[in-house]
Amino acid sequence: MTFETILYDVEDGILTITLNRPDRLNAFNNVMRDEVIAALDAADADDEVKAIIFTGSGRAFCAGADLGGGGDTFNYKPKDPGIPRDGGGLLTLRIYECLKPVISACNGPAVGIGATMQCAMDIRLASENAKYGFVFSKRGIVPEAASSWFLPRVVGISTALEWTFSGRVFKADEALQRGFVRTVYPADELLPAARALAKEFCNETSAVSVAMARQMMWKMLGADHPMEAHQVESRGVYFTGKSADAQEGVKSFLEKRPASYPGKVSSDMPEFFPWWEERDFK
């Protein structure tokens, strides 16, 4: 697939989406937003894609919103009546709904939307060159990309507030210490490490099981009682338990051989999926 602002590369079942505006430090604009969403749509529809890695081209991951509009950068003038939707939120909500594991391989500075888009990713890895900044208080705006929901769930409310109150830029070692990233690597080891992790999610695992687990874990972050989890898990065990994947999982274990799961995310998700009601923007 060919895009203007991103690179889309699939190898060994792993899709790497590279933010690709290196002359602008991969600054985020509407074209990039639409292209990343289109790439995720394509990935979800492609059963050959088992996992997704995000990274940046050149020395940055994403320098935040493209400020080429000067002081009016955030002064949106909607064509239609009502409040226009935040572009970063459209992106993170699409990541949230993704059916494949999503890994961030943050290779350099990640500020504003460059940081908040990673909040919706499942696992965040960083280069020693990575820096993060939730800089909204220094731009006179508020957190975006649904980060007021995602960030406290990733690092806790106190750290989320500290980072957004101050708007300061901090290094990868602080992100590691506060639990925002899983591991920090030398720059040349970052992508190999991300690919190795992605392969763990792809090799001898049921794509349907992985897709279900991803949605169950994320959706239950908003549940008000464990009964919600029990209800979904009971349905999930019932429907997946009679699937060809479950047959293969048990047989391969008993026969002490590698598993080969036939189930496809595009056609073999349990019949009660999705179990949640879509939320409207009001």
Output the number of residues of the stretch 164-184 satisfying the condition of being among the hydroxyl-bearing types (Ser, Thr, Tyr) and either over 24 Å from Gly140 (Cβ atoms) or touching a residue at least 40 places away in the same chain (Cβ under 8 Å) (or both).
-> 1
Looking at Leu161, Leu197, which one is farther than 27 Å from Trp276 by Cα, assigned to a helix (DSSP H, G or I) and free of Cβ contacts under 8 Å to residues at least 60 places away in the same chain?
-> Leu161
Scan of the stretch 19-51 for residues that are within 21 Å of Ala187 (Cα to Cα), buried (at least 22 other Cβ atoms within 10 Å of the Cβ) and touching a Ser or Thr at 6+ places or on another chain (Cβ under 8 Å), ordered by number | Leu19, Arg21, Asn26
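Rundown of residues vs (1) within 24 Å of Trp275 (Cα to Cα); (2) in contact (Cβ under 8 Å) with a residue 12 or more places away in the chain; (3) in contact with a Lys or Arg (Cβ under 9 Å, 6 or more places away or on another chain); (4) in a helix (DSSP H, G or I), yes/no style:
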{"residue": "Pro152", "(1), (2), (3), (4)": "no, no, no, yes"}
{"residue": "Phe201", "(1), (2), (3), (4)": "yes, yes, yes, yes"}
{"residue": "Ala213", "(1), (2), (3), (4)": "yes, no, no, yes"}
{"residue": "Met217", "(1), (2), (3), (4)": "yes, no, no, yes"}
{"residue": "Gly236", "(1), (2), (3), (4)": "yes, yes, no, yes"}
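Is it true that Ala246 is assigned to a helix (DSSP H, G or I), modelled with pLDDT of 95 or more, under 18 Å from the mean Cα position of the chain (by Cα) and small (Gly, Ala, Ser)? Spell out how you get there, then give the answer.
Numbers: assigned to a helix (DSSP H, G or I): yes; modelled with pLDDT of 95 or more: yes; under 18 Å from the mean Cα position of the chain (by Cα): no; small (Gly, Ala, Ser): yes.
Here the answer is no, as Ala246 does not meet what is asked.
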Kindly check whether there is at least one residue in the stretch 109-126 that is crowded, with 19+ Cβ neighbours inside 10 Å, part of a loop (DSSP other than H, G, I, E, B) and free of Cβ contacts under 8 Å to residues at least 60 places away in the same chain.
-> yes
Taking the stretch 197-224 and the residues there that are charged (D, E, K, R) and on the phi < 0 side of the Ramachandran plot, the one that is surrounded by the fewest Cβ atoms within 10 Å (Cβ to Cβ) would be Asp224
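The values are calculated or read from the model by the stated rules, or taken from the named source; none is laboratory data. Please read these numbers as outputs of a predicted model, since none were measured by experiment. Heads up, the Cβs are rebuilt from the backbone with ideal geometry, glycines too, and the neighbour counts pull from every protein chain shown.
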